[in-house]
Each structure stands twice: as structure tokens, then as C-alpha cells.
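Report on the structure given below.
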Amino acid sequence: IPGLQTLRAKYPKDPRVLKPLAIELGKEPERTSELLRVLDVLFTEAPKEAEDKELQKQMMRAALTTATSQRAIELMRTRMGSTGADMLFDIVLNNHEFRARARTALETADVQRRLSPALKIAYDIYFASSCSARVELLPQAIRDGDERAITLLTIFSSKTKSGCGARRNKPCAAQCSKEAPDFENPIKQIRDRLSQTA
């Protein structure tokens, strides 16, 4: 790290210095704030680096750490393009603690403009106001949906294993039990389309 920091002092905006420095800083969790400052410059100078899986992993860890969450989510929103939007949606789906913060970032106009068609339909299915509203989204899901759409349609149309009954150990009805049959064929069609493009 010290050697890379010396180089950074000479070449403060060079991605060939910033990227290895970010990767090294990412190995030291106590330096996450410093890491985010480096990534801010790196993603500004070389936006394609936002697609790097290792850097995404570090960003996600920072976003799910209380001290750095706000800053990391802000970088996902402003510096990471459609990749950042995907990561924000991932937090909304999978992390209760930071869900509200990620959703706020996801709902800003600049992020909404960058949603890929696959993310847009997953987002619309997830936040639809009712099950019948989800049925109306099915043609678009068949056309644009990916694994996220399949997962969400499956969740809304499946019974849970437990959570209902006096002891909460009985299955609960599907959230969209009445519409569940409508979801079956679209789920299959999305799967088929994805397997053809794989």
C-alpha cells in the first residue's frame, strides 16, 4: 500500500495506480473509508472498472457496514452506472438493515434512467401495488425478465414453509395465491429464453 500511495501522489487519477491500490485497501476492513475515496476517483476516471467483480465485492461490503454504508450507497448511485443500480436492488431484496437507504437511492431520477430492462421489470414486480398489477407486468417480464424476475414471481406465487398458525409453524398462503396460476407460464418462458441465450 505505501508504494502504491507514493505512486498515487504522482499520478492521482491514473486507473493503473488506483485499481491495485483499491484492491489492496479492500483487504483491510479498517481502511474502508480510504478505499471509497480511491474508488470514487477510479470510477470517475474509468467507469468500466465498476464492472470489476472484486471491486463490486468490496463496494457491497462497504455498503453493508454501518460506518461506511451511506457513502458506499451514494457511490453506487452516482459512480457505478447500471452496475450500481443492480447492486442497490440486491441490497433492497436481501438486506433488511440497509433496505430503506438503498431504495431511496434506487428511486432517484438519475438511477431510474440507468435501470437495465431486466432490472426495471424486476423492480416493477417487487414494488407493484397489488397482485393484479403484477399480472399486468407479465408480458414485459417474459420479454425482459432475468433470474430476478423468476425469483420474485416464484416468491409471490409460492406458499411459505412456515410462519402462519398459532405457533407460526404452518405454511402461509402465497402472497398472490389467486394469481399464482397466471405466473407459472411466464416463469417457464423467461427460463426458456434465458437458457437459449446462455
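The values are calculated or read from the model by the stated rules, or taken from the named source; none is laboratory data. None of these values were measured; they are calculated from a predicted model. Here the Cβ is made from the backbone with ideal geometry for all residues, glycine too, and neighbour counts use every protein chain on show. We work out accessible area using only protein heavy atoms, side chains counted, and drop any ligands, DNA or RNA first. Shrake-Rupley method; radii C 1.70, N 1.55, O 1.52, S 1.80 Å.
Key figures
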| read-out | value |
| --- | --- |
| Whole-Hz ³J(HN,Hα) from phi, Karplus 6.51 cos²θ - 1.76 cosθ + 1.60, for the range 22-34, glycine and proline x | 4, 4, 5, 4, x, 7, 10, x, 6, 10, 4, 4, 5 |
| Ellipticity estimate at 222 nm from DSSP helix runs (n ≥ 4, -39,500 (n - 2.57)) divided over the chain, nearest 500 | -21000 deg cm²/dmol |
| CYS164 long-range amide H proximity, modeled H, under 5 Å | ASN169, LYS170, CYS172 |
| Computed label-point distance, nm, for sites ALA67 and THR44 using a 7 Å Cα→Cβ extension | 2.4 nm |
| For the range 97-114, Karplus couplings with θ = phi - 60° (6.51, -1.76, 1.60), whole Hz, Gly/Pro x | 5, 10, 4, 4, 5, 5, 5, 4, 5, 5, 8, 6, 4, 5, 6, 4, 5, 9 |
| Label zone at SER177, where the point sits 7 Å out along the Cα-to-Cβ direction: the range 132-159 residues whose backbone N lies under 16 Å | 132, 155-159 |
| Reported label for calculated Rg and Dmax of the Cα atoms in Å given [x] 17.0, 53; [y] 20.0, 59; [z] 20.2, 67 | [z] |
| Accessible surface, per residue, of the range 159-198 when the full set of protein chains is kept, probe 1.4 Å, Å² | 80 Å² |
| Calculated FRET efficiency for the pair ARG168/ARG114, C-beta based, R₀ 41 Å, to 0.05 | 0.55 |
| Note, ³J(HN,Hα) from phi for the range 7-14, Karplus 6.51, -1.76, 1.60, rounded to Hz, x at Gly and Pro | 4, 5, 4, 7, 10, x, 10, 7 |
| Total formal charge among the other residues, if their Cβ is under 15 angstrom from that of THR32, Lys/Arg +1 and Asp/Glu -1 | -1 |
| Mean Cα-pair separation over length for the chain, i.e. relative contact order, pairs under 8 Å, 6 or more apart, % | 11 percent |
| Theoretical gain in end-to-end length, GLU136 to HIS96 [0.36 nm per residue, Cα-Cα removed] | 11.6 nm |
| Rough spin-label spacing in nm, given labels placed 7 Å along Cα→Cβ, for LYS161 and ARG31 | 4.2 nm |
| Over the range 77-119 - Rg/Rh using Cα atoms and the Kirkwood inverse-distance radius | 0.93 |
